[in-house]
Structure formats: structure tokens, C-alpha cells
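Notes to accompany the following structure.
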Amino acid sequence: MMQPIFPNSPKKFISPLLKWVGGKRALAPILCNLMPPLDQINNYVEPFVGAGGMLLSIQPKKAVINDLNAELINVYKVVRNNPKELLLELDKHINSVEHFYKIRDIDRSPSFAKLSVIERAARIIYLNKTCFNGLYRVNSQGFFNVPYGYYKSPNYREYSKVCAISEYLNQSDVTILNGNYCDTLPYIRKGTLVYLDPPYAPVSQTSNFTGYNPGGFSYEEQTKLKKFCDTIAEQEAFFMLSNSDCSLIRELYHEYKIHKVRAPRAIAASPNSRGTMTELVVTNF
């Protein structure tokens, strides 16, 4: 008999620790309604976990999460393994212009390699909460390049959130990977639910955002990802893929079910530019 991987009792609500472009916290209820029957799912895999909005919403007992961003994955590992030390390290940071740029520019110096995993995790959380618009972005050299946000009281010492995420990761069987999305393939088998939230295909020449990792996510990568989804389907696993509502995605995935959803737009240069936009969710079930 298949062991259920989703909790029977009501879950404690956990919101993501980091703010991430394309984060799925607000869209998670809609995505949950599109999921296959829970009793048919025996494993959960997220090849592009990002801030973990979907993961923390459904909190599966068995999961594999992955991301190409090494700093992001380090945060997950430190939150799981060293929550107390992380919180103590966060207490050392202060909200000032001088301190922000000192911490931001460490990755441009040899001293960056000497940082402990705990110091690196605290750095990313601090920068994410104090930089402009809570945006994580790196340049072509891989250096964090978002300016200071000038917020009066940014909350980068979220003790309860760190502890809640750490508790979930320790009480569940969560494998944490840092690599290409294809590295998750050995964990995908019949009955696995794979949720993919890749860098989106641009809907216009000015809307492309691929700054999480140097190199971006090109048209060729989108076509490779589609083939990866084909492989998932061949394994008799379930996949759900989020992407932009554009002709490229509709044409690539024309043989699968395509759902149009309204998604909140949480990060924009101006608050007036935020609102909702249409996205696509592609499924093979």
C-alpha cells in the first residue's frame, strides 16, 4: 500500500524565508487545486525550488528539492542544520548603507572564500531583506549587484520563520541538491509529482529576467526543459510546470494540458506596476 507523503493533520503555515522573483507563495492554493489525487503521489520533486513557496505550502513528508543557485541552497542546508548559529550570525548585521555595501561587496574579494556556510547564509538573508525591492540578482561575473533599499525597519532576524522551516526540514525526508534540474531525474519514478518553476520565457524583449545565475535561461534551455518534461511523463510520473503566457510555451507544450491562471506580480520597480498577470500551468494529467 502506498504511504501518503502529505500530512493528514492541518499543517502549520510557513511562508518563505526569502523574497524571490516568481515566488509561488500566493499562487500555491491555485496550484494545489491542479494537483493529481494525493493518494497517487509517492514522492515530490522540485528541480527549481527558489524560495520554496510551493514546498512550504504543501509540506510533503518526502521530497527532493534542487536549485542551481549555490547560495540559495546553502541557506536551506544551514536553516536545516544550524538554525541557532544562523540566528546568532544574523544578529551581527545592522541596517545601514555602509554595512550593506560592505557585506554586498564581499563576493568581489578573496575573503568571500573564507566565509563559513553560516556566514554565507546570513549574508544572503540580510542582503535579500535590505536590498532594493527584496530582489536577488547577480551580474555576469556572479556578483550580487542590487543596491541598498533604504528601508527603515527591514526584518532579517525572522526567528520564528527560521525555526519553523528548520523543524519541517528535519521532521521530513527532504533531499537537498545543488545542480542542474536534470540532476533530479534519478529521483523521479512512477507516482512522483514534479513541480517545475523555471526562469520564465520572456513575453516581450524588455521583460526577460534571468539574473539568479550567470548565463540566463535561453530559448534552447526552454526546449531542453520540454524534453525533460517528456521524460517525466514517460516515467509515468506527474509534472506541473509554471511559465509565462506566451506563444513559445503554448507551442512547446501543445500536446499537454495548459491551464491559464492569474498570478500576483510581487516584485516591480514601482508599486503601481504590481498587480496580477496571466501565467500558464502545464500538466500531463
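Read the figures in this text as sums done on the coordinates, not as results from a lab. Just so you know, these numbers come straight off a predicted model, no measurement behind them. All Cβ positions, glycine included, derive from the backbone under ideal geometry; neighbour counts span all protein chains shown.
Given the C-alpha centroids of the range 1-76 and the range 247-262, what is the distance between them in whole angstrom? After rounding, the separation between the Cα centres reads 22 Å. Normalised by 2.2 N^0.38 Å, with N the number of residues, the alpha-carbon radius of gyration of the range 74-159 equals 1.03. Computed over the chain with a Gaussian network model linking Cα atoms closer than 10 Å, the most mobile of E89, E236, E98 is E98.
Dipole size of the range 74-159 about its Cα centre, with +1 on Lys/Arg Cβ and -1 on Asp/Glu Cβ: approximately 120 debye, rounded to the nearest 20. For the residues L193, L86, L248, a GNM of the chain with alpha-carbon springs under 10 Å puts the largest fluctuation on L248. Residue exposure proxy: H93, H254, ordered by other Cβ atoms within 10 angstrom of their Cβ from fewest to most, comes out as H254, H93. Candidate cross-link partners of K24 among the aspartates and glutamates, defined by an alpha-carbon separation under 18 Å and a same-chain spacing of 8 or more, comprise E46, D67, D197, D245, E279. Among E279, E251, sorting on how many other beta-carbon atoms sit within 10 Å of each Cβ, with the fewest leading, yields E251, E279. Counting only residues at least eight positions apart within a chain, or on another chain, the lysines with an alpha carbon under 17 Å from that of K227 are K257.
Among the trypsin sites (Lys or Arg not before Pro) found in the range 151-194, those both in a DSSP coil and sparsely packed, with 16 or fewer other Cβ atoms within 10 Å of their Cβ, are K152, R157, R189, K190. When the chain is treated as a GNM with alpha-carbon contacts under 10 Å, the residue of P198, P154, P186 showing the greatest mean-square fluctuation is P186. In the range 74-159, taking the dipole from charged Cβ atoms about the Cα centre, the farthest positive-side position among F144, L86, Y76 is held by Y76.
Evaluate the charge dipole of the chain about its Cα centre and quote only its size in Debye, nearest 20, assuming +1 on the Cβ of each Lys and Arg and -1 on the Cβ of each Asp and Glu.
Details: 33 positive and 25 negative charges, 154 e Å.
Around 740 debye, computed over the chain.
Percentage of Cα-Cα pair distances in the chain greater than 28 Å, rounded to whole percent? Provide the component values of the computation, followed by the final result.
Values: 14785 of 40470 pairs.
So the pairs more than 28 Å apart make up 37 percent of the total in the chain.
Expressed to the nearest 5 percent, the antiparallel share of DSSP beta bridges inside the chain is 50 percent.
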